[in-house]
Amino acid sequence: MKSILALIASFSLSHAAEKPNIIVIMADDLGWGDVSYNGTAAVKTPNIDKLAAEGIRFNSGYCSASTCTPTRYSMLTGTYAFRAKNTGIAPPNGPAIIRPGTPTFASLVKEAGYSTAVIGKWHLGLGDEKPDWNGDLKPGPLEIGFDHCLLLPTTNDRVPQVFVEDHRVRNLDPADPLWIGDKIPTPDHPTGETHRETLKLDWSHGHNQTIHNGISRIGFYTGGLKARYRDEDLADEWVKQSRKWITSKNEQPFLLFFAAHDIHVPRMPHERFQGKSGLGLRGDSILQFDWCVGELMKCLDELKLAEKTLIILCSDNGPVLDDGYKDEAVEKLGNHNPSGPFRGGKYSVFEGGTRTPFVTRWKGRIQPGVSDQIVCTVDFPASFAALTGVKVPANSCLDSVNVMPALLGEKDAKGRESVLQQDNRGTSFGLREGNWKLIRNAEKNKVSHQLFDLSKDPSEKTNVAAQFPEERKRLIALLDQIIAK
């Protein structure tokens with residue numbers, strides 16, 4: 001144990017002075033089996049494959065929750081989302097979940113002199129009681145460590161379809177104010193139910209309220225017509241603005257959180273990707289996300305920053321097919337398994353819900369390879385702090401572990417001993433320790449447990465709790481300890 005601690009300490013001292021740039025690329029709803037470096041032949045992801053070939057691909061890379069808001073909360077704060085209130089899927093008018101003064105991975109590296117930005121999907125709320133869409137949208141990212149943001153404020157199947165740049169809605173005309181609400185504003189307000197025949201992407205369940213760009217969404221809004229974007233242009237705009245921001249920071253260490261919307265619903269990639277995958281709009285959106293990864297890599301090459309930049313690619317949760325729209329994700333799936341060999345997906349605490357593509361690359365520092373070490377997005381704050389020589393404040397980042405040596409492939413470096421996975425509500429949990437996986441389901445005030453041996457049963461098909469009662473008992477106690485901590 002002492003040798004491991006000494007290794008971590010020596011790593012922190014020897015590498016912190018270099019202060020590499022950091023880019024976190026987070027996909028949305030991308031499954032372990034959705035990338036071709038994991039063996040799928042159904043869709044090709046050449047840029048992600050190149051990133052993986054030049055870095056480390058983690059067979060046991062996790063996010064901490066099986067839906068977006070709790071994963072993003074824990075990734076930024078280093079604290080599991082179930083420990084905080086209101087960390088389920090954020091509504092359109094939800095307030096800022098991460099409060100000003102809360103240490104985040106952005107605020108930590110900022111202490112080390114980094115410039116910081118988040119570009120892409122936010123979905124962590126804005127404002128105090130609720131967002132002031134026509135005024136200053138704060139608190140938000142700029143109050144928790146980011147210098148700049150260009151956001152999709154919630155998620156694209158929820159209103160409004162506008163960009164938030166720093167504290168304001170971009171291009172908002174004061175003469176055409178935004179209104180966002182939970183109830184229909186007027187009886188003749190067009191919705192996905194009343195004007196279904198006008199939709200270019202039909203809904204399958206929910207997602208049938210306000211229509212924008214031929215797609216109906218969750219929630220109601222009016223106004224802000226000049227500020228609204230076209231779904232097909234989202235990825236292009238985020239890549240353009242990311243390139244611009246990176247270029248402006250060429251002489252200063254930076255951290256960019258590139259939070260893609262792909263491959264979340266509504267899946268409406270740019271026209272140049274539509275129909276190209278053979279898997280419908282879901283597959284086309286994977287191609288678009290792969291393109292985004294490639295463009296960020298090109299930008300670093302053009303600026304000669306590839307050997308000065310640590311890239312981490314991950315996803316906020318596992319895959320889902322029909323998530324509210326009739327986009328042929330099910331009909332055109334064929335033999336493709338988005339979760340790879342794992343059971344479950346989005347909303348689930350089985351492995352497919354939280355074990356996702358996970359890659360690190362730092363040219364000239366990371367030796368290419370494959371790792372079986374357990375790493376998790378909740379560890380970014382502690383790991384980035386160690387990398388940049390910053391101390392994590394007391395009573396913060398409660399569940400974050402410094403796994404930077406493992407992320408960089410240091411010799412004999414270890415990842416996590418165990419990792420917790422939660423559902424959206426934080427009531428059902430998964431706990432992996434080594435090859436053991438415990439599932440705790442809580443439904444209708446009833447708690448049940450299942451136990452799986454991942455070394456023999458990665459698909460979690462056979463509950464072996466009865467055969468290994470002592471392991472079941474031990475892991476239940478460990479999970480209870482983690483939750484109560």
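Every number here is computed from the coordinates shown, using simple stated rules; none is lab data. No experiment lies behind these values; they were computed from the predicted model shown. Because the Cβ atoms are built from the backbone with ideal geometry, glycine has one as well, and the counts that use them run over all protein chains shown.
Give the peptides 366-373, 121-128, 28-35 in descending order of average Cβ contacts within 10 Å, highest first.
On the way: 366-373: 13.6, 121-128: 23.2, 28-35: 28.0.
Peptide ranking by packing, descending: 28-35, 121-128, 366-373.
What are the trypsin sites (Lys or Arg not before Pro) within segment 278-338 that DSSP puts in a loop, where the Cβ has at most 12 other Cβ atoms within 10 Å? Let's see the in-between values first.
Values: sites: 282, 298, 304, 308, 326, 332; in loops: 304, 326, 332.
Passing sites in segment 278-338 are 304.
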Point to revise | Check: the chain dipole with +1 on Lys, Arg Cβ and -1 on Asp, Glu Cβ, in debye | key: 1000 debye
Exercise for review: Divide by every residue of the chain the summed helix terms, -39500 (n - 2.57) for each DSSP H run of at least 4, and state the resulting mean residue ellipticity at 222 nm, rounded to the nearest 500 deg cm²/dmol.
Suggested key: -7000 deg cm²/dmol
**Study point:** Where labels lie 7 Å past Cα in the beta-carbon direction, separation of residue 134 and residue 230 in nm
**Key:** 2.8 nm
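To one decimal place, what orientation-averaged projected area in nm² is obtained for the convex hull of the Cα set of the chain?
On the way: hull surface 90.3 nm².
That works out to 22.6 nm².
Normalised by the empirical 2.2 N^0.38 Å for globular proteins, what value does the Cα Rg of segment 427-484 take?
Values: Rg = 10.9 Å, N = 58, 2.2 N^0.38 = 10.3 Å.
Cα-based Rg divided by the globular estimate yields 1.06.
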Review point. In the chain, with Lys and Arg counted as +1 and Asp and Glu as -1 at Cβ, which of these residues, 260, 360, 300, has the Cα nearest the positive end of the dipole, that is, farthest along it?
Key: 360
**Study point:** Paramagnetic label zone (point 7 Å from Cα along Cα-to-C-beta, residue 485; backbone N under 14 Å) in segment 67-91
**Key:** 78-83
Check your understanding: Once the dipole of the chain is set up with Lys and Arg at +1 and Asp and Glu at -1 on Cβ about the Cα centre, which of 70, 184, 58 lies farthest towards its positive end?
Key -> 58
